[in-house]
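Participant: The structure that follows is given in the form of structure tokens.
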Amino acid sequence: MSHEIGAPQKRLIRALKGEVLDQAPIWLMRQAGRYLPEYKKTRAQAGSFLNLCYTPELAEEVTLQPIRRYGFDASILFSDILVIPDGLGQKVSFVEGEGPVLEPITRVEELAKLDLTRVVPHLAPVYETVRRLRKSLPAETTLIGFAGAPWTVATYMVGGKGSPDQGATKAWAYRAPDEFQKLIDLLVEATILHLGAQVKAGAEVLQIFDTWAGSLPELPFRRFALEPMKRIVAALKAQFPDISIIGFPRGAGSMAVDYFRETGINGLSLDTGVAPAWARRELQSLGCVQGNLDPLLLVAGGPEMRRGIEHILRELGQGPFIFNLGHGIVPQTPPDHVAELVDIVRGWRG
Ligand code: CP3
């Protein structure tokens, strides 16, 4: 939704529109989660993980927990990328200690079981959470909605769980690319509907997570990661001209340049492996970059964490920039280290 006329834009949105701020806005991927004792409490109350995602009061509560502690510049809706397959009618569950489990879809005939018209009605509680958050968040905090990118969501739908090499999905994509494309096309449509509904409910910025983009070589990367993203961004910007979109093509390496240039996104989230000086030269001229402290430096804390943070700020702080991690916070992170990180970023004068 566009900001009110005359109201100053929020800091995160200004950075995404290309402004260089004197202090980098900061939020962290997976800022709500198991490293916080208050999250574990609400999570236990919810019973299952999906029940937490689909109970607006509880999802609102866990979204707000890291904002109360750290006052981040942005709040990311608490949900998951796998609510889309769940909404399409593929059975999804989260097994303690094992991660997500889905009934795998491996043949084009099985796509008939998926129902695009079910997505938005099934995910109504998620949009209700967004509406509540827009009322309960501090006025200066940006609300980020999100979805998984089609390729990454497909890897869970086809593999039936997380896998180290996305082998089952690549096997289908390489053996019968035109059939696999039908799954990607369905996910493009589902993602547009799901993100559009989040914007209508009050999400101000969108992030699209392509966690497994880096497992694809250039040609399939273009077909199954870059092109679908381009279609999603074009459709959302046609409906909501003011919306800012961040892409996270994790592990894309040098292909991140074309991804940034061609998809129409406003911001690119850098993974841990991207050298900040390379990102400054090759990516920051195209728009805002976000990143990219190693989440394990945040676990370690101390002087190595400080060195890592200052290195990123020195290299990227002179252009449009949002401080974040290179991937999500891990459960063993001490909450005090997060407070220290925020202090260092807020105290930085470049
Ligand atoms: O704070 C936030 O960032 C918002 C919520 C959020 C979650 N998942 C909550 C969650 C977001 C943005 C995600 C994205 C997500 N989910 C991705 C893309 C980003 C990434 O980390 O690469 C992926 C690949 C998933 C799929 C997923 N969800 C997996 C593989 C797992 C199990 C692994 C794990 O960490 O346990 C989940 C579960 C999940 N999603 C948890 C949380 C807080 C932990 C489950 C729990 O609390 O029981």
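Participant: Can you tell me how many residues in the range 229-265 are in a loop (DSSP other than H, G, I, E, B) and closer than 19 Å to Pro150 by Cα?
Facilitator: Of the residues in that region, 5 qualify.
Participant: In this structure, is Gly308 buried (at least 17 other Cβ atoms within 10 Å of the Cβ), in a helix (DSSP H, G or I) and more than 16 Å from the ligand (Cβ to nearest atom)?
Facilitator: Considered against the rule, which asks whether it is buried (at least 17 other Cβ atoms within 10 Å of the Cβ), in a helix (DSSP H, G or I) and more than 16 Å from the ligand (Cβ to nearest atom), Gly308 comes out as yes.
Participant: Restricting attention to the range 333-345, which residues are exposed (fewer than 15 other Cβ atoms within 10 Å of the Cβ) and more than 18 Å from Arg30 (Cα to Cα)?
Facilitator: Asp343
Participant: Quick one: would you say Asn324 is free of Cβ contacts under 8 Å to residues at least 40 places away in the same chain and in a strand (DSSP E or B)?
Facilitator: Here the answer is no, as Asn324 does not meet what is asked.
Participant: Something else about it: Return the only residue of Arg314, Arg349 being outside any helix (DSSP H, G or I), more than 23 Å from Gly33 (Cα to Cα) and not small (Gly, Ala, Ser).
Facilitator: None of the other options fit; the residue is Arg349.
Participant: Check the range 84-91 and report whether any residue there is at pLDDT below 95 and either crowded, with 21+ Cβ neighbours inside 10 Å or more than 12 Å from the ligand (Cβ to nearest atom) (or both).
Facilitator: Yes.
Participant: Of all residues in the range 277-294 being assigned to a helix (DSSP H, G or I) and touching a residue at least 24 places away in the same chain (Cβ under 8 Å), which is surrounded by the most Cβ atoms within 10 Å (Cβ to Cβ)?
Facilitator: Step by step, filter the range 277-294, then rank; the result is Ala279.
Participant: Is there any pair with a first residue in the range 127-156 that is in contact (Cβ under 8 Å) with a residue 12 or more places away in the chain and a second that is assigned to a strand (DSSP E or B) and charged (D, E, K, R) whose Cβ atoms are under 9 Å apart and which are 6 or more apart or on different chains, and what are they?
Facilitator: Gly148/Asp210; Ala149/Asp210; Pro150/Asp210; Trp151/Asp210; Thr152/Asp210
Participant: Hey, another quick one. If you check Val101, Val92, Val120, which single one turns out to be touching a Pro at 6+ places or on another chain (Cβ under 6 Å), in contact (Cβ under 8 Å) with a residue 24 or more places away in the chain and of a type in the set (A, V, I, L, M, F, W, C)?
Facilitator: Checking each option against the conditions leaves just Val92.
Participant: Assuming Pro303 fulfils every condition listed in (1) more than 16 Å from the chain's Cα centre (by Cα); (2) within 16 Å of the ligand (Cβ to nearest atom) apart from one, which condition is it?
Facilitator: It is condition (2) that Pro303 fails.
Participant: Hey, could you check the range 48-83 for residues that are within 11 Å of the ligand (Cβ to nearest atom) and among the small types (Gly, Ala, Ser) and say which is surrounded by the fewest Cβ atoms within 10 Å (Cβ to Cβ)?
Facilitator: Top of the filtered list is Ser48.
Participant: In addition: I'm checking my understanding of the structure. Among residues of the range 108-150 that are within 16 Å of Asp185 (Cβ to Cβ) and part of a loop (DSSP other than H, G, I, E, B), which one is nearest to the ligand (Cβ to nearest atom)?
Facilitator: Ala149
Participant: Quick one: how many residues across the range 174-185 are surrounded by fewer than 19 Cβ atoms within 10 Å (Cβ to Cβ) and either of a type outside the set (S, T, N, Q) or closer than 26 Å to Arg134 by Cα (or both)?
Facilitator: Going through the range 174-185 one residue at a time, the tally reaches 8.
Participant: Sticking with this one: So which residues in the range 94-106 are more than 11 Å from the ligand (Cβ to nearest atom) and either farther than 11 Å from Val158 by Cα or at pLDDT below 95 (or both), if there are any at all?
Facilitator: Of everything in the range 94-106, just one residue is more than 11 Å from the ligand (Cβ to nearest atom) and either farther than 11 Å from Val158 by Cα or at pLDDT below 95 (or both), namely Thr106.
Participant: Keeping to the range 151-200, report how many residues are outside any helix (DSSP H, G or I) and within 13 Å of the ligand (Cβ to nearest atom).
Facilitator: Selection size over the range 151-200: 6.
Participant: What are the residue pairs meeting all of these: first residue in the range 295-319, first residue closer than 14 Å to Val342 by Cβ, second residue among the hydrophobic types (A, V, I, L, M, F, W, C) and assigned to a helix (DSSP H, G or I), Cβ atoms under 6 Å, and 6 or more apart or on different chains?
Facilitator: Correct list of pairs: Met305/Leu297; Ile309/Ile344.
Participant: Let me ask something additional. Can you name the number of the only condition in (1) more than 16 Å from Ala32 (Cα to Cα); (2) surrounded by 18 or more Cβ atoms within 10 Å (Cβ to Cβ) that Pro303 fails?
Facilitator: (2)
Participant: Only one of Leu116, Leu102, Leu195 is among the aliphatic types (A, V, I, L, M) and surrounded by 19 or more Cβ atoms within 10 Å (Cβ to Cβ); which?
Facilitator: None of the other options fit; the residue is Leu195.
Participant: Which residue pairs have Cβ atoms closer than 6 Å, lie 6 or more positions apart in sequence or on different chains, and pair a first residue in the range 242-270 that is free of Cβ contacts under 8 Å to residues at least 24 places away in the same chain with a second residue that is of a type in the set (Gly, Ala, Ser) and surrounded by 23 or more Cβ atoms within 10 Å (Cβ to Cβ)?
Facilitator: Going by the 6 Å Cβ cut-off, the qualifying pairs are Leu268/Gly247.
Participant: Let me ask something else. So, in the range 201-257, how many residues would count as being among the polar types (S, T, N, Q), over 15 Å from the mean Cα position of the chain (by Cα) and either within 16 Å of the ligand (Cβ to nearest atom) or at pLDDT below 95 (or both)?
Facilitator: Qualifying residue count for the region: 1.
The values are calculated or read from the model by the stated rules, or taken from the named source; none is laboratory data. Keep in mind that this is a model prediction, so the values were computed, not measured. As a convention, Cβ positions derive from the backbone with ideal geometry for all residues, glycine included, and neighbour counts pool all protein chains shown.
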